[in-house]
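Notes for the one structure printed next.
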Amino acid sequence: MAGKKTGQIYCQIRKEWVAATPEEDVRQRLIQSMMQQLGYPPSSIVLEKGLRQLPHLTLQPQRLPDRRADIICFAKGIHPCHALYPLLLIECKAVKLSDRVINQVTGYNHFLQAYFIAVANQDMVRTGWYDPGAKQYNFVDRLPSYAELLSAL
């Protein structure tokens, strides 16, 4: 990695310098925490991936919106039909986490079908999972470890 560049931040996942926007700062801090403290394998994390680029979605006949997911963490062996499948979808924001932000990530997950979703800003992370009985998402105010999410399946 070359020396620090003005107005940019180095992304460990993309292995390149990116613009240091407030949202990117949230994303990079979260990624570091995920890898260093919470046990998420770097090889399982993809950033800013378009829904139309995801292999498990290209097999479906539905029309996909032209949207990009901030962070998707994949896992092996968690879905009966796909060797690699989305475990966690995260939307990063540089603003307050509101119902609108929650609606955005749940809307993306309508297509993606990750087992867990999360929203994050500079102050907090909220992680959710869908409860089919209650027909709603339940949330906790933290990001569980990779092992915790896998064991909850």
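The values are calculated or read from the model by the stated rules, or taken from the named source; none is laboratory data. Just so you know, these numbers come straight off a predicted model, no measurement behind them. Glycine gets a Cβ as well: all are built from the backbone with ideal geometry, and neighbour counts include every protein chain shown.
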- Message: When you scan the stretch 33-48, do you find a residue that is at pLDDT below 90 and under 30 Å from Lys5 (Cβ atoms), even just one?
- Response: yes
- Query: What number of residues in the stretch 1-41 are in contact with a Gly (Cβ under 6 Å, 6 or more places away or on another chain) and either in a strand (DSSP E or B) or within 24 Å of Pro86 (Cα to Cα) (or both)?
  - Reply: 0
- Task: Would you mind finding the one in Ser145, Ser151 that is closer than 23 Å to Pro42 by Cα, surrounded by fewer than 20 Cβ atoms within 10 Å (Cβ to Cβ), touching a residue at least 24 places away in the same chain (Cβ under 8 Å) and of a type in the set (S, T, N, Q)?
- Result: Ser145
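Considering only the stretch 117-140, how many residues are in contact with a Phe, Trp or Tyr (Cβ under 8 Å, 6 or more places away or on another chain), among the hydrophobic types (A, V, I, L, M, F, W, C) and more than 23 Å from Pro22 (Cα to Cα)?
Within the stretch 117-140, the subset in contact with a Phe, Trp or Tyr (Cβ under 8 Å, 6 or more places away or on another chain) is 117, 126-131, 136-138.
Narrowing the set further to residues that are among the hydrophobic types (A, V, I, L, M, F, W, C) leaves 117, 129.
Filter once more, keeping what is more than 23 Å from Pro22 (Cα to Cα): 129.
Residues meeting the conditions: 1.
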- Message: I'd like the residue in the stretch 49-83 that is modelled with pLDDT of 90 or more and among the hydrophobic types (A, V, I, L, M, F, W, C) and, out of all such residues, is nearest to Phe111 (Cα to Cα).
- Response: Ile72
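Please verify whether Pro86 is under 20 Å from Ala152 (Cα atoms) and at pLDDT below 90, treating the condition exactly as stated. Break it down into steps so the answer makes sense when it comes.
Values: under 20 Å from Ala152 (Cα atoms): yes; at pLDDT below 90: no.
Considered against the rule, which asks whether it is under 20 Å from Ala152 (Cα atoms) and at pLDDT below 90, Pro86 comes out as no.
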